[in-house]
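Take a look at the structure set out below.
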Amino acid sequence: MNHLHELMQSLRTFEKENFKNFMDVVIKNHEPKEIIDQIFTPGLDETRNRYYQGEIAIPELLLSMQLLMDLLSRLDIKQTGKKRRDNKIVLGVIEGDPHDLGKNIIKKMYECYGFQVYDLGKNVFINNFAKKVRETKSEIVGISTMMSTTVTKVSQAIELIKRENSSVNVIVGGAFMTNAVAEDIGADGYAESAAVIIEETDKILSKTK
């Protein structure tokens, strides 16, 4: 059984210490891109699907996400084979929402793929998104929320961003976001999880060329 398989098995069975031990071995013996493609992305998908199907509960979901975040944070971005891109992205969790684990994972994904990320953190006031776009001349804004009560705030942030610069594209995500909600509040894209964020971002960027 190879180390990549052992690492994935440890993730599936929530064996935190085993995961960390195999993670050290895998990082020493495999390229970052291989780890992202064979462990991080499928692990993220599998964990999310198991949660949606009721196989695991919130504690297991959060533990899995944290283990994957630890793995991603250990990778050497410079060695991923991804060149630095000109694309600038403002990222943040909307005002009233303190949950930033998903946002942090997406930030790391963007960085691994060479994007320039301006992370506003969590509980970000709606006008701060537009302000940061002005300062950085970013072309994409990623707004996250895990709460149903803050979706209206996301809509207000999008309206303000678009009012100042209609060419800026906004991607939304989070537990209470769907394609339908994203369309209703004026977002240009929707990412169900970090596993699809790069694909969704590149799709939006290709339309603006």
Open item on the list: Given the condition outside the structural domain of L68 (by TED's automatic domain parsing), part of a helix (DSSP H, G or I), over 19 Å from M65 (Cα atoms) and more than 19 Å from the chain's Cα centre (by Cα), answer yes or no: does some residue in the stretch 181-204 qualify?
Closed with: yes
Open item on the list: Pull out all pairs, ordered by first then second residue, where Cβ-Cβ is under 6 Å, the residues are six or more apart or on different chains, the first lies in the stretch 184-206 and is free of Cβ contacts under 8 Å to residues at least 60 places away in the same chain, and the second is of a type in the set (S, T, Y) and surrounded by 17 or more Cβ atoms within 10 Å (Cβ to Cβ).
Closed with: I185/S155
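For the stretch 165-180, name all the residues that are in a helix (DSSP H, G or I) and either closer than 18 Å to I106 by Cβ or of a type in the set (D, E) (or both). Steps first, please.
Here is the first cut: in the stretch 165-180, the ones in a helix (DSSP H, G or I) are 179-180.
Listed by number, the list holds a single entry, N179.
Among the strands (runs of 3 or more DSSP E) contained in the stretch 59-164, which hold 2 or more residues that are of a type outside the set (K, R), touching a residue at least 12 places away in the same chain (Cβ under 8 Å) and buried (at least 22 other Cβ atoms within 10 Å of the Cβ)?
On the way: elements: 88-93, 116-119, 140-144.
Those strands (runs of 3 or more DSSP E) span 88-93, 140-144.
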Open item on the list: I'm told Q116 meets every condition in (1) assigned by TED's automatic domain parsing to the domain that holds L7; (2) farther than 25 Å from K153 by Cβ except one. Can you identify the failing condition by its number?
Closed with: (1)
TODO: Please tell me if K33 is within 23 Å of K132 (Cβ to Cβ) and either in a helix (DSSP H, G or I) or modelled with pLDDT of 85 or more (or both).
DONE: no
Open item on the list: Of everything in the stretch 161-195, what is at pLDDT below 90 and touching a Phe, Trp or Tyr at 6+ places or on another chain (Cβ under 9 Å)? Give them in sequence order.
Closed with: A194, A195
Open item on the list: Can you tell me which residue is nearest to T201 (Cα to Cα) among those in the stretch 163-180 that are under 12 Å from the mean Cα position of the chain (by Cα) and of a type outside the set (A, V, I, L, M)?
Closed with: G173
Open item on the list: Out of the residues in the stretch 1-30 meeting the condition of being hydrophobic (A, V, I, L, M, F, W, C) and not in a helix (DSSP H, G or I), tell me which one is surrounded by the most Cβ atoms within 10 Å (Cβ to Cβ).
Closed with: F14
- [ ] Determine, yes or no, whether T41 is among the hydroxyl-bearing types (S, T, Y), modelled with pLDDT under 90 and assigned by TED's automatic domain parsing to the domain that holds Q66.
- [x] yes
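The values are calculated or read from the model by the stated rules, or taken from the named source; none is laboratory data. Remember, it's a predicted structure, so these values are computed and weren't measured experimentally. Please note: Cβ atoms are built from the backbone with ideal geometry, for glycine as well, and neighbour counts cover all protein chains shown.
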